[in-house]
1. Anything in the stretch 295-312 that is more than 19 Å from VAL428 (Cβ to Cβ) and surrounded by fewer than 24 Cβ atoms within 10 Å (Cβ to Cβ)? List them, or say none.
2. Of ALA448, ALA478, which residue is closer than 18 Å to LEU268 by Cβ and either within 19 Å of the chain's Cα centre (by Cα) or of a type in the set (Gly, Ala, Ser) (or both)?
3. Working only within the stretch 341-395, note down all residues that are modelled with pLDDT under 70, farther than 30 Å from ASP298 by Cα and of a type in the set (D, E, K, R).
4. Would you mind stating whether PRO434 is in a loop (DSSP other than H, G, I, E, B) and closer than 14 Å to GLY293 by Cα?
5. Given the criterion assigned to a helix (DSSP H, G or I) and within 25 Å of THR235 (Cα to Cα), identify the matching residue among LEU190, LEU201.
6. What number of residues within the stretch 204-225 satisfy the criterion of being in a strand (DSSP E or B) and surrounded by fewer than 20 Cβ atoms within 10 Å (Cβ to Cβ)?
7. Going by what's in this entry, would GLY58 be described as of a type outside the set (Asp, Glu), assigned to a loop (DSSP other than H, G, I, E, B) and in contact with a Ser or Thr (Cβ under 7 Å, 6 or more places away or on another chain)?
8. Output the residues belonging to the stretch 387-431 that are outside any loop (DSSP other than H, G, I, E, B) and surrounded by fewer than 17 Cβ atoms within 10 Å (Cβ to Cβ).
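The values are calculated or read from the model by the stated rules, or taken from the named source; none is laboratory data. Computed from a predicted structure; not experimentally measured. In this analysis, Cβ positions are derived from the backbone assuming ideal geometry, glycine residues included, and neighbour counts consider all displayed protein chains.
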Amino acid sequence: MSTPPLEPAVVELAGITHRYGPTVALSDCRLSIAPGEVHGLVGENGSGKSTVVKLLSGIMRPTEGEVRVGGKAVDLRSPAAAQRHEIVTVFQETLVSDECSGLDNVFAGTDGIFRRARSGRAEREAAERVVASLGASPAILQSSPHHLSLAERQVLTLTRALVRPWKLLILDEATSALDLSTRDRLFAVLADHRREGRSVLFVSHRMDELEILIDRATVQRSGRTVGTVGKDEATPARLLSMMSGRSDAGEHHVRAGARSRQAADVVLRGVDLSLVAQAPAFDLDVRRGEILGIGGLDGQGGSHLVEVLAGVRPTASGRVEVDRDGSWTRVTGYRQAFRSGIAYVPGKRQEEGLFPSMTVGDNLSMATLPRHARAGLFRSSSVLTRVREEMTRLGVVPHDPSYPITGLSGGNAQKVLVGRWLAAEPDVLILNDPLRGVDLGTKRDFYALLRELTEAGTTVVMLSTEIEELLTCCDRVAVCQAERVFDVLEGEDLTYDAVLAAMFGRHVSDEQSSDEQSSDHDTHRKVTL
C-alpha cells in the first residue's frame, strides 16, 4: 500500500457510511487527495464510486462520517456548496441543455441574480481559451449542443468546469466520450493545473489512462475501501485483483472472433447504402447468430450506421432489409423495425434510453408490458416476476425493482437499459456503444451474456469505441471510415493492427510497407488501449 502524503489533504473522506433506505452503498469509506496529485478511484460498478462522487459534488450528504476540505469538516449540502469549496465535477453523461447555446451552458449558474459575475466578453474569451486548449473549435460555443457530436458536448462540460475556480476537479468517466487527440490535450491541461497545486479525482475503467495519469489509486469493492496504492503498484493486474477479490481477475478475455463459425444465413442486410449524400455506397450483411462489431473513429459513421440499421435514422440512399420468416422486409422506421424483431439500445442512456422519474422495474419492463395484459389490464404480479428474473440474469445491484433508476451506478443503469430490450426477445439486438464507461468486471459479464444470446440464435450488432473490446467479443468487425464501411474483418484477418489501419482508411499491408508508418502506429496503439 502507498505511504500517505505528508501535506494536508485537499479533500478527505473520513469513515463515510451512506445508505439508500436499507441499502448500504458505502461503509467506512476512506479517501485522501493530496495537493497537486491525480488520484484514481476505481472499482466495479456497484462498488460505491458513484456515491463517492455524488457526496463530494454536494448531490448527496453522508449518513455517517465527515467530508473534510483543507483539514476542516464541511457540509456539502448542495452542488453550490461544493462549488464554494472549489470542488467541480464533470460527469460521464454530457449534462448540457439543448435549449441554450454552448456558451450559455458553460456559464450556467455562475451569474448573480441581479448582476453578472463577469462581462460577456470576458466570459467568451475565458471559454474560448479552454476550448482551444482542448483542440476544439470556438464555434461550438455559439452552436446549440443538439447539433454537436458526443465528444463536442463533453468538451462543453469540461470547459464549464475548467472556467470555474477549483482546487479539486472530479472527472467521473469524463474521458469516455472523447477522441484520442482531445483526451491527450485534456491530460496536458491537467498537467499544467497540477503544477499550480490543483488536484484531480480521476474515476475511470480504462487501465491505460490510469497508468498514464495517476499518482495513486484508491480501490472500492462492494461499498468498502479496499486500499490505496501508489503509481508503481497500480498495475492493471493488481487493480483488477483488488477490485474483484480474485487473483485471476485480469484473465477474462475470450477471443470470440477467433472461433471457427460455419457460414450462417443472412438475417439483416444493407443494400447499396449511403449514410450521407455524396458518400460512397456499400453493402453489409449481418449473419444469424453472430456478433458483428462496428468500429471506427468518432464521427466516421459508426454510430450513424447502427442507427440506420435500427431504423432510427433514414438512409441517404439504398435500403435496409430484415429477414422475416424467409422473406425480406424493408426497414422503414424504428417502430416498424421493432415489430420486425429488431431491438435498439441507444448510446446516450440518460437522454434517449432511461426515464429518470421511474423506478428500475418500470424502466426494465416498459418494452414488454403488452405481453402481461389481459383485456387492457396489466397483471402486476406477472410483470414483477419477469422484472426480477431479468435483474437476476443481469446482476443489477441493488436487487430491488422499486429502487429509483437515478440511484444506480452507470454500469447498473446500463444493465437495466439492455435488459429492457433483452426481455423483448428480439431476433436482432443492435447496441450503440453499450459499455462506454462500464468497468471491466461488468464488461466481462456482458460478454458472456452476449455469447449466450448468440448461441441461442440471437444476432447482435454492437458499436464499440474500443478496439480491444471488438477483438474480445466479436466474430466480425465492420470498420467505418468517411461515413461508409471501409472493410469487414474476420478470422485471421481480425487483428488490432488491421482494425486500426482500417480506421484511417488503410489496409494493414499498407501500414506494414513503411517502417515509419508502422512506428507511428505502435505509438498510437499504446495510447488507445
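1. LEU297, ASP298, GLY299, GLN300, GLY301
2. Result: ALA478 is the single residue among ALA448, ALA478 that is closer than 18 Å to LEU268 by Cβ and either within 19 Å of the chain's Cα centre (by Cα) or of a type in the set (Gly, Ala, Ser) (or both).
3. Residues satisfying the conditions are ARG371, ARG374, ARG379.
4. It is true that PRO434 is in a loop (DSSP other than H, G, I, E, B) and closer than 14 Å to GLY293 by Cα.
5. The match here is LEU190.
6. Result for the stretch 204-225: 2.
7. Judged against the criteria, GLY58 is a match.
8. ARG388, GLU389, THR392, ARG393, PRO404, THR406
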